Structure formats: C-alpha cells, structure tokens
Amino acid sequence: MGKILVTGVTGSLGKDVVTYLSKRADIANIAVLVRDSSKVQELKAIGIDVRVGDYDNYNSLLDAFKDVEKLYFVSGSDIVKRLSQHTNVVNAAKESRVKHIFYTSFMRKNETQTSPIAFITDAHLKTENLIKESGIKYTILKHAIYADIIPMFAGENLLESGVLYFPAGDEKIGFTLRNDMAELAAVLLTSDGHENKFYDVTNEETITFSEIATIISKISGKVISYVSPTQEEYSKTLLDAGVPNEFIGMFAGFAEAFKQGEFTETNNFIQTIIGRKPVSVEQFLEKVYS
C-alpha cells in the first residue's frame, strides 16, 4: 500500500480518520497535512509523516503531495475562499501525480441556485467536477448532515429555555455521526474497488426536530418543546440576540433546506462497509444531554 495523506486533521473528521487508519495501515504509510505542525505533535510522536501545507499556498501543496498515492481531501471551512482553495488542491494533486482522491462532499437534491444552501453546494459541485476532469481516480463521499451539530441548531441554552426554536418544519433528516463517517473513510482508503464512485454517506434512520425535542426531554428530564417559526421571525429573533448576520444566514439556510426535504435519504452503506449500524441520533443525544 502506498502513502495515504489526510487533510483537515486538526478538525474532528480528519483526526478521527487518522485514528481509524492507524488501526488498519502501517503508520509509515500515513501522512497528514497541517498548517501548523505544533498542533499535531502527538501524531508525529507515533511516527506519522507530518507535512506542512496550506490550501492557499499552491507550492506548499506540491511539496506535501509528493509520493502520495491516496489523498483524503477534507473540504475547506472558509466558504468564501473554498473554491479557489479546492482548485489549488486538485491541481497540485494532479501535478504531484496523486493516484486517487477521496473528497468529502455533501449530500443534496437541489443542485440549482434556488437551493437555500446554494452558498454551500456551489463549491462542492464545482470541486467534484474539477476532480472528475483532472483524470485522477476519485471517490466522492457525499456526506449527510453531521449529527454532531444538532446542539448548535438547538441552541446552547436549550435546557434553560425549554424551547427548541428552529424553522425546520416537520421534515425527516438523516443526521449521521461524523465519527462513523471517519471509520467508513478509513475502510475505503485501505480497500479496493472504490475508484470513480459517488457514495451517499448517511444514516439508516431519519428524524424530525420535533422528535429530537422529545428525545432530549426524555434524556434530560426537562420538558423541551419544538417551535418552528417563520424564516422572518427566526432571523429577527437571532438578530435581536446579537447573532452575526453570516451565522443567521447559514442557520436559516440549513433550516429551510431541512424543511424542503434536502436530507431525507437513508441507506445501509455505512453498515455494509464497517460491519455495524451507524450510531443513531438518540444514542448521540444521550451522550450530549444525559
């Protein structure tokens, strides 16, 4: 097996991928890309190849991608600069002769500018096309919405307020734990047969925010009600609370996408690959709110 390089390892997803990879591959064959090597001293200490690079710095990527066979490419978090950064990554991977890119994209139904989350989907769609056009073998992992961010949507004062206030309506959502996606990635990276494939990475069950409120009530022993206001009322409430406009737009956009049924897909792909069922939303919430 050749060298596998994982990006985004100072974040939860990339870090968890490395953890699972280290159980399946020789440490000498695992590399990571970081902007600041001091943040991953524990990885360097166990023999993982730490390479310094930045999505904004093309030449640094060329150096980092040398001798890499498989690249686990975690999408950038800077929405404004994401596409230019991703273009650097793909072009550098091509110039460095990376053989296979695994890209963390994102599940969606509406791929037009009418989508309430077009500001997110646009860069992912264009990145997928860049990868396909590069001639490099690819595996596009279309991730569902992370279950890990449910508490963010629910609000940090949920237990005090007793109200889950979020304009997502009553549509089902296939929330999926980030750690399960990481374990899946480690298996795919260390097995064959995934070349030039698109995979929907989602849970086997869906859930509504109303059901989430009921579960949290049961776990916490406090009555939590779910209120789905209008977009206008929600945005005004957050604005009056001092929430920055960019966050209001993001929260409201995802809420509307949930309401429109953008993330209702389910499948058993995770279980097929890792040999167990993915963690349910209820199991996740138990750890957060118990």
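General observations
- Residues (open to solvent by less than 40 Å² (accessible area, probe 1.4 Å) and not in a loop (DSSP other than H, G, I, E, B)) located in region 188-212: Leu188, Leu189, Tyr199, Val201, Ile207, Phe209, Ile212
- Boolean, Ser225 is small (Gly, Ala, Ser), exposed (fewer than 14 other Cβ atoms within 10 Å of the Cβ), at pLDDT 95 or above and touching a helix residue (DSSP H, G or I) at 6+ places or on another chain (Cβ under 8 Å): yes
- Within region 53-65, the set of residues being surrounded by fewer than 16 Cβ atoms within 10 Å (Cβ to Cβ) and among the polar types (S, T, N, Q) comprises Asn59 only.
- Test: Ile215 is under 19 Å from Thr264 (Cβ atoms), open to solvent by less than 50 Å² (accessible area, probe 1.4 Å), part of a helix (DSSP H, G or I) and without any contact (Cβ under 8 Å) to a residue 40 or more places away in the chain: no
- Any pair with Cβ under 8 angstrom, 6 or more apart, that starts in region 274-289 at a residue that is closer than 15 Å to Val201 by Cβ and ends at one that is open to solvent by 30 Å² or more (accessible area, probe 1.4 Å): Ile274/Glu183; Lys277/Glu204; Lys277/Gln271; Pro278/Glu204; Pro278/Gln271; Val279/Asn179
- For region 12-37, the set of residues classified as in a helix (DSSP H, G or I) and among the β-branched types (Val, Ile, Thr) consists of Val17, Val18, Thr19, Ile27, listed by residue number.
- From the options Leu21, Leu33, residue that is within 24 Å of Lys94 (Cβ to Cβ), free of Cβ contacts under 8 Å to residues at least 60 places away in the same chain and open to solvent by less than 40 Å² (accessible area, probe 1.4 Å): Leu33
- For region 77-88, the candidate set comprises residues that are within 19 Å of Thr10 (Cβ to Cβ) and in contact (Cβ under 8 Å) with a residue 40 or more places away in the chain; within that set, the residue that is least open to solvent (accessible area, probe 1.4 Å) is His86.
- Flag if Asp67 is at pLDDT 95 or above and in contact with a Leu (Cβ under 8 Å, 6 or more places away or on another chain): no
- Residues considered: Val68, Val50. Of these, the only one that is open to solvent by less than 50 Å² (accessible area, probe 1.4 Å) and in contact (Cβ under 8 Å) with a residue 60 or more places away in the chain is Val68.
- Long-range neighbours under 9 Å by Cβ, at least six apart or interchain, first residue of a type in the set (Asp, Glu) within region 140-151, second open to solvent by less than 10 Å² (accessible area, probe 1.4 Å): Asp148/Phe175
- Some residue of region 81-96 being among the β-branched types (Val, Ile, Thr), under 19 Å from Arg51 (Cβ atoms), assigned to a loop (DSSP other than H, G, I, E, B) and touching a Leu at 6+ places or on another chain (Cβ under 7 Å): no
- Screening Val243 on (1) within 22 Å of Leu158 (Cα to Cα); (2) crowded, with 18+ Cβ neighbours inside 10 Å shows it passes everything except condition (2).
- Filter result for Tyr226 (among the aromatic types (Phe, Trp, Tyr) and not in a helix (DSSP H, G or I)): yes
- Scan region 38-80 for residues that are in a strand (DSSP E or B) and of a type in the set (Asp, Glu) and the total you get is 3.
- Residue match in region 97-109 (condition: free of Cβ contacts under 8 Å to residues at least 60 places away in the same chain, surrounded by 20 or more Cβ atoms within 10 Å (Cβ to Cβ) and assigned to a helix (DSSP H, G or I)): no
The values are calculated or read from the model by the stated rules, or taken from the named source; none is laboratory data. Just so it is clear, the model here is predicted, and its values are computed rather than measured. Glycine gets a Cβ as well: all are built from the backbone with ideal geometry, and neighbour counts include every protein chain shown. Surface accessibility is based on the protein's heavy atoms, side chains included, excluding ligands, DNA and RNA. Shrake-Rupley method; radii C 1.70, N 1.55, O 1.52, S 1.80 Å.
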